Amino acid sequence: MRKAFSPDGAVAVGPYSHAVESGDVLYLSGQTPIDPATGQLVEDDIEIQARQCFRNLFAVLESAGLSPGNVVKVNVFLTDMGDFPRMNAVYREQFEPPFPARTTIGVAALPLGARIEIEMIARKG
């Protein structure tokens, strides 16, 4: 049996849970830069989009009683690897050292025309 978590007002663009708990590990689905208040993508700027992805992800963490300090792995998907330095600057603001493990992957396209999608794995305790 899966235990799922979703913050109030979260927007899903498909049939998935925002996060699923397995033992002491929480797997967070990828979040695109959708503003939950409007259901629309935020501005077409990588820094603004990255910050919105993190706001969405951190809301999911909070709904599970966790914080950014519980994150152990992050996967970032970018449609333009030229955005890497600016995404990286925003990423650095989100966590304290030691930083979570991370993979950044260039992809051809993302849902709804987003420039970035981020997913995380967090651990309780």
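The values are calculated or read from the model by the stated rules, or taken from the named source; none is laboratory data. Source: prediction; values computed, not measured. Backbone-built Cβ (ideal geometry, glycine too); neighbour counts: all protein chains shown.
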Check: Asn56 passes all but one of (1) at pLDDT below 90; (2) closer than 14 Å to Glu119 by Cβ; which number fails?
Finding: (1)
Next item on the list: Please list, ordered by first then second residue, the pairs with beta carbon atoms under 9 Å, 6 or more apart or interchain, first in the range 105-121 and farther than 13 Å from Gln49 by Cα, second at pLDDT 95 or above and among the aromatic types (Phe, Trp, Tyr).
Entry: Ile105/Phe77; Gly106/Phe77; Gly106/Phe84; Val107/Phe77; Glu119/Tyr27; Glu119/Phe77; Met120/Tyr27; Ile121/Tyr27
Checklist line | Exclusive hit being assigned to a loop (DSSP other than H, G, I, E, B), at pLDDT 95 or above, aliphatic (A, V, I, L, M) and surrounded by 15 or more Cβ atoms within 10 Å (Cβ to Cβ), set Leu66, Leu61 | finding: Leu66
Note to self: Going residue by residue through the range 107-116, is there one that turns out to be under 11 Å from the mean Cα position of the chain (by Cα), on the phi < 0 side of the Ramachandran plot and not in a helix (DSSP H, G or I)?
What the structure shows: yes
Check: For Ala4, are the conditions met, namely being surrounded by fewer than 17 Cβ atoms within 10 Å (Cβ to Cβ), of a type outside the set (Lys, Arg), assigned to a strand (DSSP E or B) and at pLDDT below 95?
Finding: yes
Checklist line | Those residues of the range 69-86 which are out of contact with any Pro (no Cβ under 9 Å at 6 or more places or on another chain) and either among the charged types (D, E, K, R) or not in a helix (DSSP H, G or I) (or both), in sequence order | finding: Asn75, Val76, Phe77, Leu78, Thr79, Asp80, Asp83, Arg86
Notebook entry, point to check: Does Pro100 count as touching a strand residue (DSSP E or B) at 6+ places or on another chain (Cβ under 8 Å), over 21 Å from Ala12 (Cα atoms) and either surrounded by 13 or more Cβ atoms within 10 Å (Cβ to Cβ) or hydroxyl-bearing (Ser, Thr, Tyr) (or both)?
Noted result: yes
